[in-house]
Amino acid sequence: MSRFYVTTPLYYVNDKPHLGTAYSTVTADVLARYHRLFGNETLFLTGVDEHGQKIQQAAEKRGKSPQEHCDELSETFKNVWRDFDIQYDIFFRTTSGFHVTAVQKALQELFDKGDIYANTYEGWYCVSEEIFYTEKELVDGKTPTGKEVVRISEKNYFFRMSKYQTRLVEYINTHPDFIRPENRKNEVLGFLRQPLADLCISRPKSRLSWGVEIPFDHDYVTYVWFDALLNYATGVGLYQPARTDEFHKWWHEAGANHLIGKDILITHAVYWTTMLLAMGVPLPKTIFAHGWVLNRDNEKMSKSKGSVMDPKEMIGFAGVDALRYFFVREIHLGNDAPISHELIMNRINNDLANNLGNLLSRTTTLIDKFFGGMTPAFQPQVAGADPMSRELIDHATSLASKVKSLIEDFQPSLALENIVELLNETNRFLESKAPWKTAKTDPATAGQHLYMAVEILRITGTLLSPVMPAKCRELLKTIGVKSLAWESLSQWAVTAGQTSIAKAPPLFPRIELT
Ligand code: MSP
């Protein structure tokens, strides 16, 4: 059996989720749900990044202890993911005891083998990104994304990242699907053309106490990125003897797929991978960096710019399933994309209200009116008699395998495009066959054309269910489909004759800007 392990970044709990963070989570959820539909054993990990200066400061501002603050915020994240119908298997918290112990084991092991050493750090530090910068990396005295930095000089512990640079470059060059898309791979290779500095992985407690204590020096805590990145592996059992089999299954056999935003490409493709090389743990299968959801000024939607859209408000406007659909269909995975009420409205009205919704409502209305609400039985000699029908049946039965390979290739927007194209073709087919007219003169043929529409609604409704779980459940119930077996999607005439079809209320009412 195939297995699929997918992760999102762990979001900082310095604030509640916004539409940008929801985008990553929805995309990973859609991929996970597709793999479950394919019959793969699937594991989906998401969660929160709870240590570090940013969180300590956020807690102080709210007059809470860091732990109290994290407990509250992680509940907020869980609630928002519930609103988005996110079906994660693991909600990871970096303050979990098992994780803290495993991080300390990793640190001790790397220290014992000489890959972590003490030195004095002199340089620039960005609190909001929790990242050190060299003089050369600064642009006009700020980080490349324009954040403030402060000068720091202190004893710290360093991870010998430079030692693994050559091996990493070799690995990237020999594993073409490791860092995706291609332009991000090139970005990482470009970054690795310069000599890598070693990575500062500690913070003195005098400056920051909220973190995982360094096991070999109690005056220090672990750098938040070193702690957080390990989650992907500790979440499935790394350095936990009782979970060895689980770790083998998900990390060694399945291999991890890290879906991340392009803003955290280097931390994943360079820090995390060299940490794994040093620990002697296999690298993930894929690191896929998606683009940014842009605000009205075409900039990254972000909390620090104050330009975020509120998930609850957007769900209220579009409906959760339609919003999930918008994310996946409108944004080609890897690209940046603007988001606005108008774009959402156009996409939903075109693809969902006028197309899918229209096909469902005209099909069920006609079956109700002319066939007493029962699907006619399939008659191959009638339905497959003309080339147009045969072609439509061919397209319908080959759609599932097309969708599967596009999803496996991280191209969900193209998968949806193919599904919508079949729906368009079916609406055109009905237009040309006009069963509303022929029902009176040639009911057998009209019945077959409507039967074809029902079959296509079964196939497309199932294929869209990972994106729009609740709406597709409703759709499939309307046409009397009970199970979602993957194999049945490449088969024709699965719907039995005399299946009772409910007259459907509009599945996706058109939305208007008020
Ligand atoms: N805590 C680190 C990640 C540690 S992973 C071990 C972090 N957290 S974050 O809260 O800043 O979230 C970063 C992620 O949120 C981005 O990589 C991206 O996946 C997502 N996004 C945040 N804003 C976004 C947009 N405007 N558009 C798309 N994704 C966005 O960095």
Specify the residue that is modelled with the lowest pLDDT; the eligible residues are those in the range 201-238 that are open to solvent by 20 Å² or more (accessible area, probe 1.4 Å) and of a type in the set (D, E, K, R). R207
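Only one residue in G146, G114, G123 is modelled with pLDDT of 95 or more, outside any helix (DSSP H, G or I) and farther than 16 Å from L229 by Cβ. Which one?
Result of the check over G146, G114, G123: G114.
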Mind listing just one residue for me: the one in the range 402-457 that is open to solvent by 40 Å² or more (accessible area, probe 1.4 Å) and among the small types (G, A, S) and, of those, modelled with the lowest pLDDT? A444
On the basis of being at positive phi and under 28 Å from the mean Cα position of the chain (by Cα), does G334 make the cut? yes
If a residue has to be under 17 Å from G280 (Cα atoms), open to solvent by less than 30 Å² (accessible area, probe 1.4 Å) and more than 14 Å from the ligand (Cβ to nearest atom) to count, how many in the range 239-265 make the cut? 5
Note on the range 2-29: residues more than 11 Å from the ligand (Cβ to nearest atom) and under 12 Å from the mean Cα position of the chain (by Cα) are Y5, V6, D29
In the range 63-101, residues that are assigned to a loop (DSSP other than H, G, I, E, B) and either modelled with pLDDT under 95 or polar (S, T, N, Q) (or both) total 5
Complete set of residues in the range 287-329 that are away from the ligand (no atom under 13 Å from the Cβ) and open to solvent by 10 Å² or more (accessible area, probe 1.4 Å): D310, K312, E313, I315, G316, F317, A318, G319, V320, R329
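Out of all the residues in the range 30-41, is one or more touching a residue at least 12 places away in the same chain (Cβ under 8 Å), in a strand (DSSP E or B) and either open to solvent by 10 Å² or more (accessible area, probe 1.4 Å) or within 8 Å of the ligand (Cβ to nearest atom) (or both)?
The first filter runs over the range 30-41 and keeps only residues touching a residue at least 12 places away in the same chain (Cβ under 8 Å), leaving 30-41.
Right, trim to in a strand (DSSP E or B) and you get 41.
Imposing the further condition that a residue be either open to solvent by 10 Å² or more (accessible area, probe 1.4 Å) or within 8 Å of the ligand (Cβ to nearest atom) (or both) reduces the set to 41.
Yes, the conditions are met somewhere in the range 30-41.
The values are calculated or read from the model by the stated rules, or taken from the named source; none is laboratory data. Computed from a predicted structure; not experimentally measured. With ideal geometry, Cβ positions are generated from the backbone for all residues, glycine too; neighbour counts draw on all protein chains shown. Ligands, DNA and RNA are excluded from the accessible area calculation, which covers all protein heavy atoms including side chains. Shrake-Rupley method; radii C 1.70, N 1.55, O 1.52, S 1.80 Å.
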